[in-house]
Amino acid sequence: MDFEREPSEHTEGKSVLPVPSAPGPSTPLKSSYTYHSPTPTGEGPYILGVDEAGRGPVLGPLVYGVAYCPVSYRDQLEELGFADSKTLTSEIRSGLLRTLRSNSDNLGWSVRVISPQDISSGMLRRPATNLNRQSQEATVMLIKDILDKGIRLSEVYVDALGTTSTYQAYLSSQFPDIEFTVESKADFKYKIVGAASVAAKVTRDACLEGWVFEELEYQPTDVELGSGYPSDPKTQYWLKTNLDPTFGFPKIARFSWTTVKLLLEKEGHAVQWIDEGQASLIKAFESAQGLDKGRCGLTRELGIRSIAAL
C-alpha cells in the first residue's frame, strides 16, 4: 500500500503536530505500507540518504526512511540541524520533520513501514526471509519509487551494519547509474542520511505511541509500551503483563524474536498436536505380520506386492 497525504494541522479545535507517514487515528497497522511526501520540484540531479528506525525492538514496526534533495541544495542542508535521530530529543526530531515538510521545492522524503507481523512471517517461513533481506528489499523499493517519480539520483548514502562493502556492491548492481556510499554511522557523517533517520524515527515513534490493537475484545493492561527494545524495563514489564498463556501476544509483538519465544515457552500453555490420521497409519503398519509386515492395509487389500516379494 502506497499513499501520499497532508492531514490538517487541527483536530477537535486543538493545534497538533500530525505525522502524515503514520496510520491515521483509530487505524490499526495491519500490513506494511509506503508513504511518500510531495515530489520536490527543484532541478536535479539529487542526492538521497537511507536510514532505519526499529531494527532491534521486539515491539512495533521496522521503518526505513529516505530523504532527498538537489545536489545544489547540499550546502543549505548542512545548516538545518539534521543528525542521527538517536542523538536528538523527541521535540527536536518533531521540529526537523516540520523542516522536511516545509520546503517541498527542495526536500522530499519517504518511509517504508514494515509491520511486526510481516517481519515475523518473513523470518519464520521456510526458507526464511531474514531481517537483512527484508531491509534490502525495503531500501531497493524506496529508491525505485523515487526514480519512478522522475527524480534523477546521482548519489545515494546508506547507513548500514555489518559488511558494508558487500551491500554497497549489491546496491550498485541494482542501480548502476548511481554512486553509492554505504557506511556505518552514515547518519552522523552525512546530513541527508540524518534527515532520513529523522523521518524513520518520528514515523516509528508515532506508530508505537498511537498503536491501535486490532484484536477484537482485547484489553491491554494500563502499562507503558516503552521503547519496544528487549532491554527496556518498561517493555519487559509490558510483555510480562500482557502475555495470554493460551493466545500469546497481540500483533504488536514480533513472534520471531527470541524474547517472545522464551516468554511463550516459559509462561504459555503447552500445546500437544494430535494427528489421528498419522496414528492410524502407524497402527496399520505395525499390525501386519510375515511378508505383510511394513505394508499398509490398502496395499494388502489391492493385492499389491513389491517385485522383491514375487
Practice task
Kindly report, to the nearest 10 Å², the accessible surface of Thr235 as traced by a 1.4 Å probe over protein heavy atoms only.
Solution key: 0
Problem - Cα centroid separation - region 20-76 against region 213-262, whole Å - result: 26
Handout entry: Derived scalar couplings ³J(HN,Hα) [region 176-185; Karplus, 6.51 cos²θ - 1.76 cosθ + 1.60; whole Hz; x for Gly, Pro]
Key = x, 8, 10, 8, 9, 10, 10, 9, 6, 6
Exercise for the section: Count neighbours as other Cβ atoms within 10 Å of each site's Cβ, and list the GluC sites (Glu not before Pro) in region 14-84 that are DSSP loop with at most 15 such neighbours. Expected result: Glu43, Glu79
Practice task
For region 142-191, just say rounded, prolate or oblate: build the C-alpha gyration tensor, square-root its eigenvalues into a ≥ b ≥ c, call rounded for a/c under 1.5, and beyond that prolate if a/b exceeds b/c, oblate if not.
Solution key: oblate
Problem - Net charge over other residues, Cβ less than 11 angstrom from the Cβ of Asp244 (K, R count +1; D, E count -1) - result: -2
Completion exercise
A 1.4 Å probe over the protein heavy atoms gives region 141-205 a carbon and sulfur accessible-area percentage of 49
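The values are calculated or read from the model by the stated rules, or taken from the named source; none is laboratory data. Keep in mind that this is a model prediction, so the values were computed, not measured. Note that we place each Cβ from the backbone using ideal geometry, even for glycine, and neighbour counts take in every protein chain shown. Side chains included, ligands, DNA and RNA excluded: accessible areas come from the protein's heavy atoms. Shrake-Rupley method; radii C 1.70, N 1.55, O 1.52, S 1.80 Å.
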